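Engineer: Dumping the structure here so I can ask a few things about it.
No lab work stands behind these numbers, since they all come straight from the coordinates. On a predicted model such as this, the values are computed, not experimentally measured, just so you know. Quick reminder, even Gly has a Cβ in these numbers, built from the backbone with ideal geometry, and neighbours come from all protein chains shown.
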Amino acid sequence: MAKKKKKKKKEVLKEESLPVNELGDIHEERRKKMKKKVYEQELKKLAVELVKLQEWIKYKKLKVVVIFEGRDAAGKGGVIKAISSCMNPRICRVVALGVPTEKEKTQWYFQRYVSQLPSGGEMVLFDRSWYNRAGVEHVMGFCTPEEYEEFLRSCPEFEKMLIRAGIILIKYWFSVSDEEQEKRFQDRISDPTKRWKISPMDIESRNRWIEYSMAKDKMFAYTDTKQSPWYVVEADDKRRARLNCISHLLSLIPYEDLTPKPLTLPERRVDISYVRPPKSDQTFVPEIY
């Protein structure tokens, strides 16, 4: 009688068990830029979910704050645009504050941000936030050491106050490599339509890469709390970063589908009594295209 052959167990390859060259191939595959067609397909799916979330926020009168921080050219503005472009601006509002005025400099540090916080039924996306003090203000010397230390002490308490007041606070840090940042800076410099995005301050920030890294590490040490954690987004691939961030954001706020049902357009009534004025009576934009 022939012996039955033992079935071989299916091997599951783990990264740590692979030879170095094969492991490198896996990481190289992950580093490949996502194709535009695939990105747009996935983004469209997420956009449908963002609209559902929007309707839920409005229905439940939720107060949502999403903070986007990171180095210059890390992709903060891109993901904010991807989120807000498919949402109602009366519900999803973007806040990108400039340099504080002389009057604002005399106020409680958080004061100008408090006035931008959401009412019930709103989501506010902060393109940089009160964390300027822990980053650019500290590194560039725009605040005193005492103001910096006070911020690190008071920020967790401030955020606890917001959460106790019913605000859903979500914080993202977009992490970009030195090489990728340089590539994006060069792209901005060479493109006249993007040149406004880069300033002498951005150039100086590259000379202080390590100082910014140390400031970010200390900021996380003080403000990456259980109640208000930081979520780090790997951002060297802009498309993957946007999709990963939006997908994660959707996972943090449970919502139901309250998408409005499609409306039926009635037939337009024809009213022959109306006569349109002649075009010569109006000023039209020249059709040069």
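Engineer: How large is Rg/Rh for segment 177-221, to two decimals, with Cα atoms and a Kirkwood Rh?
Structural biologist: Rg/Rh for segment 177-221 comes to 1.07.
Engineer: For the chain, what is the charge dipole size about the Cα centre, in debye to the nearest 20, if Lys and Arg each add +1 at the Cβ and Asp and Glu each add -1 at the Cβ?
Structural biologist: That gives a dipole near 1840 debye.
Engineer: A further question follows. Given only helices, namely DSSP H runs of n ≥ 4 each adding -39500 (n - 2.57), what is the per-residue ellipticity at 222 nm of the chain, to the nearest 500 deg cm²/dmol?
Structural biologist: Value at 222 nm, helices only, nearest 500: -14000 deg cm²/dmol.
Engineer: Calculate, in nm to one decimal, what residue 203 and residue 36 gain on full extension: separation in residues at 0.36 nm each, minus their alpha carbon distance.
Structural biologist: Stretched fully, the residue 203-residue 36 segment lengthens by 57.2 nm.
Engineer: When you count, for each residue, the other Cβ atoms within 10 Å and take the mean per peptide, how do 65-78, 109-122, 45-58, 183-196 rank with the highest first?
Structural biologist: By packing density, highest mean first, the sequence is 65-78, 45-58, 109-122, 183-196.
Engineer: How would 203, 167, 210 line up from fewest to most surrounding beta-carbon atoms within 10 angstrom?
Structural biologist: 210, 203, 167
Engineer: Follow-up question, since we're still on this one. Cα-Cα pairs above 24 Å in segment 104-237: how many percent?
Structural biologist: Everything past 24 Å amounts to 38 percent.
Engineer: What order do you get for 85, 129, 175 when you list them from fewest to most C-beta neighbours inside 10 Å?
Structural biologist: Starting with the residue having the fewest Cβ neighbours, the order is 85, 175, 129.
Engineer: Another question about this same structure. What percentages make up the Cα-Cα pair-distance distribution of segment 213-289 when the bins are 10 Å wide from 0?
Structural biologist: 11, 17, 19, 12, 15, 16, 8, 1
Engineer: Between residue 187 and residue 226, how high is the FRET efficiency from 1/(1 + (r/R0)^6) when r is the Cβ-Cβ distance and R₀ = 35 Å? Nearest 0.05.
Structural biologist: The value I calculate is 0.35.
Engineer: Now for a separate question. How many angstrom separate the Cα center of segment 116-164 from the Cα center of segment 186-235?
Structural biologist: 15
Engineer: Sorting 201, 123, 140, 87 on the 10 Å Cβ count, fewest up front, what's the list?
Structural biologist: Fewest-to-most ranking of 201, 123, 140, 87: 201, 140, 87, 123.
Engineer: Taking every alpha carbon pair in the chain, what does the distance histogram look like in 10 angstrom bins from 0, in percent?
Structural biologist: 5, 21, 27, 21, 13, 8, 4, 2, 0, 0, 0
Engineer: Could you tell me which trypsin sites (Lys or Arg not before Pro) in segment 224-289 are loop residues by DSSP with no more than 11 other beta carbons within 10 angstrom of their beta carbon?
Structural biologist: Those satisfying the criteria are 226, 268, 269.
Engineer: I've got another one for you. Please report, for the Cα atoms of segment 146-202, the Rg to one decimal and the Dmax as a whole number; what are they, in angstrom?
Structural biologist: Using the Cα atoms of segment 146-202, the pair Rg, Dmax is 17.9, 47 Å.
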